[in-house]
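Have a look at the structure below, then the notes.
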Protein chains: 2
Amino acid sequence: MKKGQETKSRIMDIAEAAILAKGFGATSIEEIIEEAGITKSGFFYHFSDKNALAKALLERYISIEDELFDGLFDRAQELHDDPLHGFLIGLKLLSELMADLPNGHPGCLIATYCYNERLFDKEVRELSQRAMLSWRKRFRKAFDKIAEKYDMRDDVDLDHLADMVSATCEGGIVMTKTLRDPDVLPQQILMLRSYIKLLFTERKPN
Amino acid sequence: MKKGQETKSRIMDIAEAAILAKGFGATSIEEIIEEAGITKSGFFYHFSDKNALAKALLERYISIEDELFDGLFDRAQELHDDPLHGFLIGLKLLSELMADLPNGHPGCLIATYCYNERLFDKEVRELSQRAMLSWRKRFRKAFDKIAEKYDMRDDVDLDHLADMVSATCEGGIVMTKTLRDPDVLPQQILMLRSYIKLLFTERKPN
DNA sequence: CGAAAACCGCACCTGCGGTACAGTAAATCG
DNA sequence: CGATTTACTGTACCGCAGGTGCGGTTTTCG
């Protein structure tokens, strides 16, 4: 009852690394099973087809990412009472985390799937969509708290600002991968931080 | 000497649309030739293999994108003498252009290739890299001009700021495609615009 | 010990990328 | 106009990957 899950997650580890490194289409089942030391039958015992593997990977990826964001920004808020400064610390921590990845961020599974759309079924696409919307909601909540206390120098929609966090990460990852420069993603996160720092300003007494 | 080029570019049109819609791996040569009304032999007469098609598509994509940026920001600068306000107008125009795309931005070929890495050879990857670097250079030049005249509220690296333009577009495209919401990309471009507006401020006399 | 769970082995089918090569229609140029 | 490229068509074939089917075997756990 346990060895099965172990093998399954080993397959998923190998598959995720391969898919992020060279794309979904370029990752063959054969090379996965070879590295995992199992047979084709063994693979299809765990996953009905390649799409099922993709879905399992995405679900795991999203939950790990959620936990990461939760932990990071929760810890940041503990370091500073103020919602704005807490969030800024969170972004700093995020940037440092990304900078510590030895070969740069390996890639975002959601973006991988987004650029391989029709290889997947409706379920996988809706999963991606829901994850993006949940991130919007998450950061929107943080910005709502900040906006309660601070004035804004520019009248921007807080949903768009929340999306900017995801967009910055996604854009930074694409650039980091394309340029083969691990620094770009952390830099871009700090640029976002700079914007948020400038955008919110002490409330003026009226 | 002309009909050949015509067929070739028709193949490329069909291929580009298909690749952006469903990824490179999911786009078969067979469906391309079917839609183009030619045979497999005809396809391989124009392109030695799938990688050659990818390379040709990328080259065309980059040059079109370059022309687009050139035209757009040149025109914007004509509308306003000031480098900052000219650039802000350029971003506004870019946002409007993206908003006018009926089904949202179809996707960036460079990002597509970045998430399908090993499907392509070194040449294609270097082409992507050079394009990204040229965009950095392009926007860096614009920001240099702005920085000559304006103070900055936050001391950020102008290369990172230049990269932010590309990153915003890439991130916005990923989000627009994932959420199936054409508005996200133009919104994110306007967020970038808001940042640049806040970042640069009238030079104080010393 | 016995029954699931977790595989292995093998055969086989399909579709796709790609090759090879001979033949042909159409455009172009002297 | 005639000859030569250019731009294809048609056919046959190869190898690989995804995927199916199913019978057999080992491992694990209650």
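The values are calculated or read from the model by the stated rules, or taken from the named source; none is laboratory data. These numbers were taken from a predicted model, which means no experiment stands behind them. As a convention, Cβ positions derive from the backbone with ideal geometry for all residues, glycine included, and neighbour counts pool all protein chains shown.
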Self-check item: residue B:38 vs. criteria within 14 Å of DNA strand D (Cβ to nearest atom), within 14 Å of chain A (Cβ to nearest Cβ) and modelled with pLDDT of 90 or more
Solution: no
Exercise. Considering only the stretch A:128-174, state which residues are outside any helix (DSSP H, G or I) and closer than 17 Å to residue B:183 by Cβ.
Key: A:156, A:157
Self-check item: Residue in the stretch A:7-35 that is surrounded by the most Cβ atoms within 10 Å (Cβ to Cβ), counting only those that are of a type in the set (Asp, Glu) and more than 9 Å from DNA strand D (Cβ to nearest atom)
Solution: A:16
Quiz item: Is it the case that some residue within the stretch B:78-85 is among the acidic types (Asp, Glu), away from DNA strand D (no atom under 16 Å from the Cβ) and outside any helix (DSSP H, G or I)?
Solution: yes
Quiz item: If you scan the stretch A:1-14, which residues turn out to be within 27 Å of the chain's Cα centre (by Cα), within 9 Å of DNA strand C (Cβ to nearest atom) and hydrophobic (A, V, I, L, M, F, W, C)?
Solution: A:11
Quiz item: For residue A:49, are the conditions met, namely being over 24 Å from residue B:112 (Cβ atoms) and more than 14 Å from every other protein chain (Cβ to nearest Cβ)?
Solution: no
Quiz prompt | Subset of the stretch A:15-43 (residues that are among the hydrophobic types (A, V, I, L, M, F, W, C) and within 9 Å of DNA strand C (Cβ to nearest atom)) | solution = A:33, A:36, A:38, A:43
Quiz item: What is the one condition in (1) closer than 26 Å to residue A:184 by Cβ; (2) touching a Lys or Arg at 6+ places or on another chain (Cβ under 7 Å) that residue A:132 does not satisfy?
Solution: (2)
Exercise. Check the stretch A:152-161 and report whether any residue there is facing another protein chain (nearest Cβ under 10 Å) and closer than 30 Å to residue A:52 by Cα.
Key: no
Self-check item: Qualifying residue in the stretch B:59-81 (condition: at pLDDT 95 or above and of a type in the set (Ser, Thr, Tyr))
Solution: yes
Quiz item: Filtering the stretch B:106-127 down to residues that are at pLDDT below 90 and more than 10 Å from chain A (Cβ to nearest Cβ), which residue is surrounded by the most Cβ atoms within 10 Å (Cβ to Cβ)?
Solution: B:124
